[in-house]
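See below for the structure under consideration.
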Amino acid sequence: MEKLKLFDAEFKFMSIVWEHEPLSTRALVALCQEHLGWKRTTTYTVLRKLSDRGILQNDTSIVSSLVKRAQVQKYESEKVIGKAFNGSLPRFIAAFLNDKTLSPTEAEELKKLIDQHKEEKE
């Protein structure tokens with residue numbers, strides 16, 4: 001679903017929306033000025049583009065997302081794993097953990113996640 005691809009500036013913009021939605025366009029302009037240094041016109045341009053793509057809704061000057069952060073994160077992570085690691089989640093994890101260590105709590109969390117998503121043997 002190519003509509004879920006967000007450029008860096010769009011993702012930063014959407015992060016503001018996700019954290020504060022629903023919010024007025026006036027509040028969105030103020031937050032984008034504060035956090036991104038954008039002018040009002042830039043905010044409205046990005047708002048219009050993301051609304052046209054079906055990512056945002058601007059209904060009577062109240063902005064809310066039609067696409068949730070988790071959907072975008074899933075799309076982006078699948079693209080990275082597919083492109084850089086030939087679709088292999090274990091290769092991705094091995095590369096990511098290459099020179100890192102996990103706390104016992106983090107290791108346990110990962111084990112639980114793996115167990116939750118493991119295919120059941122018949």
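Every read-out reported here was derived from the displayed coordinates using simple, explicitly stated rules and does not represent laboratory data. The shown structure was predicted, so the numbers you read here are calculated from the model rather than taken from an experiment. Here the Cβ is made from the backbone with ideal geometry for all residues, glycine too, and neighbour counts use every protein chain on show.
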**Request:** For region 57-93, name all the residues that are hydrophobic (A, V, I, L, M, F, W, C) and loosely packed, with under 14 Cβ neighbours inside 10 Å.
**Result:** Leu66, Ala70, Val80, Ala84, Leu89
**Message:** Anything in region 72-101 that is out of contact with any Leu (no Cβ under 6 Å at 6 or more places or on another chain) and under 18 Å from Ile16 (Cα atoms)? List them, or say none.
**Reply:** Gln73
**Prompt:** Can you find a residue in region 100-107 that is of a type outside the set (D, E, K, R) and under 23 Å from Phe7 (Cβ atoms)?
**Reply:** no
**Message:** I'm trying to understand the selection: among the residues of region 32-56, which are surrounded by 18 or more Cβ atoms within 10 Å (Cβ to Cβ) and either polar (S, T, N, Q) or over 25 Å from Ser77 (Cβ atoms) (or both)?
**Reply:** Cys32, Trp38, Thr43, Leu47
**Prompt:** In this structure, is Arg26 in contact with a helix residue (DSSP H, G or I) (Cβ under 8 Å, 6 or more places away or on another chain) and basic (Lys, Arg)?
**Reply:** no
